[in-house]
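Step one of this worksheet: look at the structure below.
Derivation of every value follows stated rules applied to the coordinates shown; laboratory data play no part. Computed from a predicted structure; not experimentally measured. With ideal geometry, Cβ positions are generated from the backbone for all residues, glycine too; neighbour counts draw on all protein chains shown.
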Amino acid sequence: MNSVLEQILATDTVKTPAGESLPLHSHIEANGGAFLQNVITQVKPKVSLEIGLAYGISALFICDALATLPTAHHIIIDPFQTISWHGVGLNNLRTANFGAMIDFREKFSHSALAELVEAKTVIGFAFDNFEIFSAIRVGQAENPIAMCCHRIPDSSLAF
Ligand SMILES: C[S@@+](CC[C@H](N)C(=O)[O-])C[C@H]1O[C@@H](n2cnc3c(N)ncnc32)[C@H](O)[C@@H]1O
């Protein structure tokens with residue numbers, strides 16, 4: 001486990017880029033993170049996708065596992081990283097040296113996902129613990145199943 005993640009889980013706090021300490025919340029638990037890493041180790045995706053960065057806990061677990069694979073990178077979508085999460089998630093990923101591996105899009109998932117489909121992006125692994133895929137299914141896309149799953153040929157979705 002990278003030292004940034006280790007420190008956050010040990011203290012139950014995160015630090016803003018300005019150094020302010022904040023209580024950790026809204027994150028995946030360590031056993032959930034281990035599950036994601038296990039899936040990634042088996043699936044070996046070239047490109048992975050995550051909706052909802054928050055303080056970056058699941059992304060730190062995911063990038064830890066992706067770092068063992070050559071050329072893998074992680075696309076992250078979250079429209080509220082700056083306004084609600086004070087840039088903490090991105091800062092954590094950069095501090096953990098995952099900056100070059102991530103492709104962060106500060107956009108709503110319905111528009112960022114549409115762009116990925118338009119660009120014919122092939123996703124090998126995807127994680128969403130905010131059920132945004134479900135929200136899209138219910139309300140925001142004309143053909144949401146095709147939109148979310150068509151580009152995931154090995155069906156390695158983890159919710
Ligand atoms: C439960 S938190 C994610 C926690 C993170 N995956 C983790 O385990 O550390 C949900 C995230 O979804 C983001 N979010 C809310 N609405 C969104 C949307 N329409 N598109 C993308 N992200 C969204 C929020 O800003 C928040 O960061």
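Counting every other Cβ atom within 10 Å of each residue's Cβ, LYS107, LYS120 order from fewest to most as LYS120, LYS107.
Applied to the stretch 70-75, the Karplus parametrisation 6.51 cos²θ - 1.76 cosθ + 1.60 on θ = phi - 60° returns per-residue 3J(HN,Hα) values of x, 6, 5, 9, 10, 8 Hz, with x for Gly and Pro.
Excluding same-chain neighbours fewer than eight residues apart, the lysines reachable from LYS120 by a Cα-Cα span under 16 Å are LYS46. Calculated FRET efficiency, ASN31 to GLU118, Cβ-Cβ distance, R0 = 35 Å: about 0.45 to the nearest 0.05. Charge tally around GLU50: other residues with Cβ under 10 Å, Lys/Arg +1 each, Asp/Glu -1 each, net -2. Could you tell me how far the Cα centroid of the stretch 64-121 sits from the Cα centroid of the stretch 3-29, in Å? Cα centroid to Cα centroid, the span is 18 Å.
Phi-derived couplings, Karplus 6.51 cos²θ - 1.76 cosθ + 1.60 at θ = phi - 60°, listed residue by residue for the stretch 109-114: 4, 5, 7, 5, 5, 4 Hz, with x used for Gly and Pro. Which shape class applies to the stretch 72-133: rounded if a/c is under 1.5, otherwise prolate when a/b exceeds b/c and oblate if not, where a ≥ b ≥ c are the square roots of the Cα gyration tensor eigenvalues? Oblate, since a/c reaches 1.5 and b/c is not below a/b. Does the stretch 1-132 come out rounded, prolate or oblate, given a ≥ b ≥ c as the square roots of the eigenvalues of its C-alpha gyration tensor, rounded meaning a/c under 1.5 and, failing that, prolate meaning a/b above b/c? The shape class here is oblate. Close amide H pairs (under 5 Å, H built 1.01 Å from N) link THR13 with LEU24, residues at least 5 positions away or on another chain.
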